[in-house]
1. Scan region 17-30 and give yes if some residue there is of a type in the set (Phe, Trp, Tyr), in a loop (DSSP other than H, G, I, E, B), exposed (fewer than 12 other Cβ atoms within 10 Å of the Cβ) and out of contact with any Pro (no Cβ under 8 Å at 6 or more places or on another chain), otherwise no.
2. Return the pair list, or none, for Cβ contacts closer than 6 Å from residues in region 19-31 that are touching a residue at least 24 places away in the same chain (Cβ under 8 Å) to residues that are hydrophobic (A, V, I, L, M, F, W, C), at least 6 apart or on different chains.
3. Would region 64-73 turn up any residue that is at pLDDT 95 or above and among the hydrophobic types (A, V, I, L, M, F, W, C)?
4. So which residues in region 63-83 are part of a strand (DSSP E or B) and surrounded by 12 or more Cβ atoms within 10 Å (Cβ to Cβ), if there are any at all?
Amino acid sequence: MSMQSPKAFRITLNFKKETIMKFNLTIDIDNDAYHNQPVQYQLIDNLKDIIAKLEEANDWGVVKDVNGNFVGNWDISFEEETV
């Protein structure tokens, strides 16, 4: 009795994908602008700037310190996650 092996087969797996929205924020506070005053004051200014950009419907931006130096960035991201 001889059995023939299949030449090809297909396996289909269906996974549910869910879109996750995230707000990402990175600020480097290791520079003079954050050390010349209480760090909270500069962070509050940074957050106010970010809020103003969000109110203008921006979904990403850069963060600058009081001296105009780049210290970080922020964005709204959409990620697909398999559940």
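1. No: zero hits.
2. Filtered contacts from region 19-31: Thr19/Phe78; Met21/Phe78; Phe23/Ile76; Leu25/Trp74; Ile27/Val63; Ile27/Val71; Asp28/Val71; Ile29/Val39.
3. There is at least one residue in region 64-73 that is at pLDDT 95 or above and among the hydrophobic types (A, V, I, L, M, F, W, C).
4. Just the residues of region 63-83 that are part of a strand (DSSP E or B), to begin with: 63-64, 70-82.
Result: Val63, Lys64, Val71, Gly72, Asn73, Trp74, Asp75, Ile76.
The values are calculated or read from the model by the stated rules, or taken from the named source; none is laboratory data. As the structure is a computational prediction, the values presented were derived from the model and not from experiment. Backbone-built Cβ (ideal geometry, glycine too); neighbour counts: all protein chains shown.
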